[in-house]
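Asks: The structure is given below, and queries will be raised subsequently.
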């Protein structure tokens with residue numbers, strides 16, 4: 001085998017960057033968790049630009065932060081309260097994720113790997129057509145809610161590709177709600193309520 005074949009870098013198909021074994025392992029773990037909680041029929045598809053750098057949304061082994069993290073704001077917007085474990089769930093977080101799944105809600109990043117803020121616009125431009133096709137042929141939701149301000153540019157593309165799916169933009173509301181803005185929290189709940197009625 002030629003020496004250059006051994007030194008060739010592996011590109012991650014989730015973000016397109018050169019990947020280490022750890023990067024690929026982390027991506028596969030995120031895919032496993034998301035697959036576990038993916039609804040059979042998706043009513044509302046939530047789109048974010050990329051997963052948070054901290055913990056993955058679908059990782060049920062992570063304890064709820066009890067603060068203003070992405071999951072706290074989203075669970076609150078959909079009326080999914082923190083509860084004791086029940087219905088076969090191992091942790092309170094797993095119970096909340098199971099309720100999310102039962103409602104037919106699925107959170108998907110446009111780029112499947114965490115990105116720095118400066119990388120996000122280029123990744124969205126590059127991966128926009130891919131996520132649009134995945135929405136049309138795989139996810140097939142009734143409504144799409146954009147949860148990152150950077151995704152506003154995809155609105156028209158997703159609406160055209162979605163064949164009648166409603167595309168609602170909640171990126172700014174989510175950002176403000178995560179900072180504790182009560183009015184933004186109410187705005188986010190109104191958008192979510194509209195999406196659930198699709």
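Asks: With (1) under 23 Å from residue 41 (Cα atoms); (2) at pLDDT 85 or above as the list, and residue 173 as the residue in question, which single condition is left unmet?
Replies: Among (1) under 23 Å from residue 41 (Cα atoms); (2) at pLDDT 85 or above, the lone unmet condition for residue 173 is (1).
Asks: Condition first: out of contact with any helix residue (DSSP H, G or I) (no Cβ under 7 Å at 6 or more places or on another chain), modelled with pLDDT under 90, assigned to a helix (DSSP H, G or I) and surrounded by 19 or more Cβ atoms within 10 Å (Cβ to Cβ). Can you find one or more residues in region 10-30 that meet it?
Replies: Scanning region 10-30, I find at least one residue that is out of contact with any helix residue (DSSP H, G or I) (no Cβ under 7 Å at 6 or more places or on another chain), modelled with pLDDT under 90, assigned to a helix (DSSP H, G or I) and surrounded by 19 or more Cβ atoms within 10 Å (Cβ to Cβ), so the answer is yes.
Asks: Among the residues of region 44-59, what is the count of those that are farther than 11 Å from residue 100 by Cβ and in contact with a strand residue (DSSP E or B) (Cβ under 8 Å, 6 or more places away or on another chain)?
Replies: The qualifying residues number 6.
The values are calculated or read from the model by the stated rules, or taken from the named source; none is laboratory data. Note that the coordinates shown come from a computational prediction; the quantities given were computed from them, not determined experimentally. Backbone-built Cβ (ideal geometry, glycine too); neighbour counts: all protein chains shown.
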